[in-house]
1. Residues of the stretch 101-176: accessible area per residue at 1.4 Å, in Å²?
2. By the scheme Lys and Arg +1, Asp and Glu -1, what is the net charge of all other residues having a beta-carbon under 9 Å from that of Tyr74?
3. Accessible area, 1.4 Å probe, largest first: how do Arg94, Arg138 sort?
4. So how much accessible area does His112 have, in Å² to the nearest 10, using a 1.4 Å probe?
5. How high is the relative contact order of the stretch 47-151? Use alpha-carbon pairs under 8 Å, at least six apart in sequence, and give a whole percent.
6. With a 1.4 Å probe and all protein chains kept in place, how do Tyr74, Tyr148, Tyr131 rank by accessible area, largest first?
Amino acid sequence: MTNEKIRAEIVDMIPFRYMERFELLWTMITPRYERLTSEQIQMQKEMENERDMFWSALEDVTCSVLGVPSQALYSTTRKREIVTARQIIFFLVRPCYVLSLQNVGDRYKKDHATILHGIKQASAQVEWDKYYRANVERICFILAEMGYAKPMSFFIKFVDHVEHQKELKAKRKSKIK
């Protein structure tokens, strides 16, 4: 007997007023893959494939722009150029595919705190260093040319937000004086 048949029989026996609790309980005890339809499972696999292809493309483009060997991203080295490449990847991949810090860290054998620190460092560098910002923009532009538009749209929104925050800060300073 399949899970759907079992669920259908149970639903027939439960009074309506307890249905919401049953749905919650059912989602808790049933594995996720058994709750999804075959179309949803296929769509999820395609999304994961797209994410993996994007991640590989992002690594390749970042390494080529920064002049870093791509295998060095997975090493434990703390060389500045390799750490910078990793931080840019963290900065771009997380918001584009809404990944958890742990998911990003698993790929590079890093913990969630390292990923968070890398994202904060990259954000600060984009905000204050024009050369760094130009490199990230070049990476996003190349990815957009390859057909990945998410990084470029994220980067544009991020830069607009940074510029807006600078304007607000300048207005506050002028009012204080």
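1. On the way: 5120 Å² over 76 residues.
About 67 Å² of surface per residue is accessible.
2. Numbers: positive: Arg107, Lys109; negative: none.
That sum, taken over residues with Cβ under 9 Å, equals +2.
3. Working: Arg94 85, Arg138 110 Å².
Correct descending sequence by accessible area is Arg138, Arg94.
4. 100
5. Details: 88 pairs, mean separation 28.6, N = 105.
Normalised by residue count, the contact order of the stretch 47-151 is 27 percent.
6. Working: Tyr74 85, Tyr148 45, Tyr131 155 Å².
Sorted by accessible area, descending: Tyr131, Tyr74, Tyr148.
The values are calculated or read from the model by the stated rules, or taken from the named source; none is laboratory data. This structure is a prediction, so every number in the text was calculated from the model and none was measured. Cβ atoms come from the backbone with ideal geometry, glycine included; neighbour counts cover every protein chain shown. What goes into the accessible areas is simple: the full protein's heavy atoms, side chains included, and nothing from ligands, DNA or RNA. Shrake-Rupley method; radii C 1.70, N 1.55, O 1.52, S 1.80 Å.
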